[in-house]
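Worksheet: the structure to be examined is printed underneath.
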Amino acid sequence: MTRHPCDIHKIADKCGVRLLDSNGPHRFDPRRPKVCFAKGTLRRIGQANGEGHLALVLRLIVETEGNAGELYRDTLQAVSALLLAHPGIVDRGTALFDQFDAIDLADMRRKAKALAKGLRVSQVMYILIALELHQDRPIEAEKAA
């Protein structure tokens, strides 16, 4: 596996995301929009898939209606996995952001936690997000195109 150089601070800054330490004084504050404590997850995603991929993951979360506070590890992993498994959805461009506007990632994460018996929450979230995106426009069709 190729390891990509990745400056998570630079990417987060470009996306308007503030990175905080998970063991810092802010860890017990209620989650605020565009604040992320999951530096390790960001680093793993960026090193595995590149800065462009990481930037798109962050943008899909923070630049969509009501989701800017959902920078949790499980959500980041689910969105990243979705983009990797279905690269054709990136071709949707602004329509992809519009589709993410219709998804309540906080509600989806709560549902995934309730359903994730024996599975990782990020895996269940991946499926739930894929189903939402598939309703408007089948994902398989984009692979073949």
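Consider L71 carefully, then state whether it is surrounded by 14 or more Cβ atoms within 10 Å (Cβ to Cβ), touching a Lys or Arg at 6+ places or on another chain (Cβ under 8 Å), at pLDDT 95 or above and of a type in the set (A, V, I, L, M).
Details: surrounded by 14 or more Cβ atoms within 10 Å (Cβ to Cβ): yes; touching a Lys or Arg at 6+ places or on another chain (Cβ under 8 Å): yes; at pLDDT 95 or above: yes; of a type in the set (A, V, I, L, M): yes.
Considered against the rule, which asks whether it is surrounded by 14 or more Cβ atoms within 10 Å (Cβ to Cβ), touching a Lys or Arg at 6+ places or on another chain (Cβ under 8 Å), at pLDDT 95 or above and of a type in the set (A, V, I, L, M), L71 comes out as yes.
Could we say that A68 is of a type outside the set (K, R), under 16 Å from D104 (Cβ atoms) and without any contact (Cβ under 8 Å) to a residue 40 or more places away in the chain here? Working first, answer last.
On the way: of a type outside the set (K, R): yes; under 16 Å from D104 (Cβ atoms): yes; without any contact (Cβ under 8 Å) to a residue 40 or more places away in the chain: yes.
It is true that A68 is of a type outside the set (K, R), under 16 Å from D104 (Cβ atoms) and without any contact (Cβ under 8 Å) to a residue 40 or more places away in the chain.
Tally up the residues in the range 47-58 that are farther than 13 Å from L84 by Cβ and in contact with a helix residue (DSSP H, G or I) (Cβ under 6 Å, 6 or more places away or on another chain), please.
Taking the range 47-58 as the starting set, the residues that turn out to be farther than 13 Å from L84 by Cβ are 47, 51, 55, 58.
Okay, now just the ones that are also in contact with a helix residue (DSSP H, G or I) (Cβ under 6 Å, 6 or more places away or on another chain), so 51, 55.
Residues flagged as farther than 13 Å from L84 by Cβ and in contact with a helix residue (DSSP H, G or I) (Cβ under 6 Å, 6 or more places away or on another chain) within the range 47-58 amount to 2.
Specify which of the listed residues (G40, G46, G118) is assigned to a helix (DSSP H, G or I) and either among the polar types (S, T, N, Q) or under 25 Å from L133 (Cα atoms) (or both). Write out each step before concluding.
Details: G40 fails: either among the polar types (S, T, N, Q) or under 25 Å from L133 (Cα atoms) (or both); G118 fails: assigned to a helix (DSSP H, G or I).
Just one listed residue meets the conditions, G46.
Picking from E65, E132, which residue would you name as being acidic (D, E) and assigned to a loop (DSSP other than H, G, I, E, B)?
On the way: E132 fails: assigned to a loop (DSSP other than H, G, I, E, B).
Going through E65, E132 in turn, just one is acidic (D, E) and assigned to a loop (DSSP other than H, G, I, E, B): E65.
The values are calculated or read from the model by the stated rules, or taken from the named source; none is laboratory data. All of these numbers come straight from a predicted model, not from anything done at the bench. Cβ sites come from the backbone with ideal geometry, for glycine too, and all protein chains shown count toward neighbours.
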